[in-house]
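Take a look at the structure below.
Values quoted throughout were computed directly from the atomic coordinates according to the rules given, and no laboratory measurement underlies them. All values derive from a computational prediction rather than experimental measurement. Ideal geometry is used to build each Cβ from the backbone, glycine not excepted, and the neighbour counts take in all protein chains shown.
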Amino acid sequence: MRAFDYVRADSAEGAVRDAAGGAAFIAGGTNLIDLMKLEVMSPETLVDINRLAMNGIEDTADGGLRIGALVTNSDLANDSRVRRNWPVLSRALLAGASGQLRNKATTGGNLLQRTRCLYFYDRASACNKREPGTGCAAQEGFNRILAVLGTSEHCIATHPSDMAVAMRALGAEGRR
Amino acid sequence: METNLEINGTRHRLDIDPRTTLLDALRHHLGLTGSKKGCDHGQCGACTVIVNGRRINSCLTLACMHDGDEVTTIEGIGQPDNLSALQAAFVQEDGFQCGYCTPGQICSATAMLEEVRNGWPSHVTDDIASGAELTDAEISERMSGNLCRCAAYPNIVEAIRKAAEKSA
């Protein structure tokens, strides 16, 4: 892993300020730390946002839920309202990863996680997503887990999230 | 970077490189070698510890992110002369061969049984709106984050079931 500066954010504004230029936010870290070990990602600064108050699940006036970016996959899957009224979301979360990972992985991080395309992970291969302009080794490679629809000549990566599919089916929206 | 961890009830102050994973802090800096490094990528579960009551992969988190947190490792769960119910059940049911994955299995199962007590459903739970009974299928699914290269799975499930029945 490449060296980095570690900063702990105590406000959202501070986190955005600290993240200017070459930084990555870290929450659960279950995807980012893995990618940093492999040096697929090497941020110069890590801004730890775990202490920010973004881990609530609130009822909204129109009968929906507002899910904080730092709500863990476990807390979201096990929320009694989600289990009762939006079970597809619980089921999608419980179908993914493991108990240990779901306890750490967050809602925001789940949406922002990187593709599992093998060529994105393999630094010896061409990958436009990892290094724009180098090409896409997946086009002619092992691409069974990759996309057949909505692709381009530059990239056929898929987003790996099960949770995102359920949220999309439920018409969820991302809001600031 | 200064990091304070409360491990198995004892407070430790560490001065470590921010790159240090919680697993490496435990093993290399504190000599708590019960937690094992298997894959080091969050896939095998050998490094499982309990942080603030929840099981996590200690290889996929940085020690500095856990400043002030309470960590329980296998050393804190029991000792040879004072085994936890799960540890005793693993011995009795022969829930291991080489034993390398066992500390992670036991840390994981300890927290997993608490999740069941709290009514958490799993991927194989029929009615996720209510709780689940601890069938063998439930145990296997809930322990899917802990791999055993010796494939001692049948006895691991048996040990966990026996320990759960004992504490019920």
- Message: Taking θ = phi - 60°, what integer Hz values does the Karplus form 6.51 cos²θ - 1.76 cosθ + 1.60 yield along the range A:90-101, in sequence order, with x for Gly and Pro?
- Response: 4, 5, 5, 5, 5, 7, x, 6, 9, x, 4, 5
- Measuring from centroid to centroid over Cα atoms, what is the spacing of the range A:83-145 and the range B:85-109 in Å? 32
- Task: Filter the DSSP H helices in chain B by two things, a Kyte-Doolittle mean of at least -0.5 and an axial alpha-carbon span of 18 angstrom or more, and list the hits by number.
- Result: B:102-117
- Which residue, A:Ser90, A:Ser42, A:Ser80, tops the fluctuation ranking in a GNM of chain A built on C-alpha contacts under 10 Å? A:Ser80
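Between A:Glu39 and A:Ala126, what's the calculated FRET efficiency when r is the beta-carbon distance and R0 is 22 Å? Round to 0.05.
On the way: r = 16 Å, r/R0 = 0.75.
Working from the Cβ atoms, E equals 0.85.
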- Which order results if B:Asp81, A:Asp34 are arranged by neighbouring Cβ count within 10 Å, fewest first? B:Asp81, A:Asp34
- Estimated inter-spin distance, A:Thr134 and A:Arg51, nm [label 7 Å along Cα→Cβ]: 3.6
- Points 7 angstrom from Cα along the Cβ direction at A:Arg168 and B:Val124: gap in nanometres? 3.0
- Task: State, as an integer percentage, the relative contact order of chain A based on alpha-carbon contacts under 8 Å between residues 6 or more apart.
- Result: 18
- Note on the structure: Non-local residues with an amide H under 5 Å from the amide H of A:Asp5, with H modelled 1.01 Å from N and Pro and chain starts lacking one, are A:Thr45, A:Leu46
- Message: Once R0 is set to 22 Å, what does the formula 1/(1 + (r/R0)^6) return for the Cβ-Cβ distance between A:Ala95 and A:Phe142, expressed as a FRET efficiency to the nearest 0.05?
- Response: 0.40
- With at most 14 other Cβ atoms within 10 Å, longest stretch of chain A clear of loop GluC sites (Glu not before Pro) (DSSP): A:45-152
- Task: Would you mind ranking A:Val165, B:Val49 by Cβ crowding within 10 Å, fewest neighbours first?
- Result: A:Val165, B:Val49
- Query: When you look at the Cβ of every residue in B:60-72, what mean number of other chain Cβ atoms sits within 10 Å?
  - Reply: 4
- Task: Using a 10 Å cut-off on Cβ atoms, rank the peptides A:69-79, B:88-98 from the highest mean neighbour count down.
- Result: A:69-79, B:88-98
- So if we plug the beta-carbon distance of A:Arg176 and B:Lys37 into 1/(1 + (r/R0)^6) with R0 = 30 Å, what FRET efficiency do we get, rounded to 0.05? 0.15
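Kirkwood Rh over Cα pairs of chain A into Stokes-Einstein at 37 °C, 0.692 mPa s: D in µm²/s?
186
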- Have a look at B:Ala25, B:Ala46, B:Ala109 and tell me which one the Gaussian network model of chain B (Cα, springs below 10 Å) gives the largest fluctuation. B:Ala25
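Given the protein assembly as shown, what percent of its DSSP beta bridges are antiparallel, to the nearest 5? Could you put the intermediate results ahead of the total?
Values: 19 of 29 bridges.
So the antiparallel bridges amount to about 65 percent of the total.
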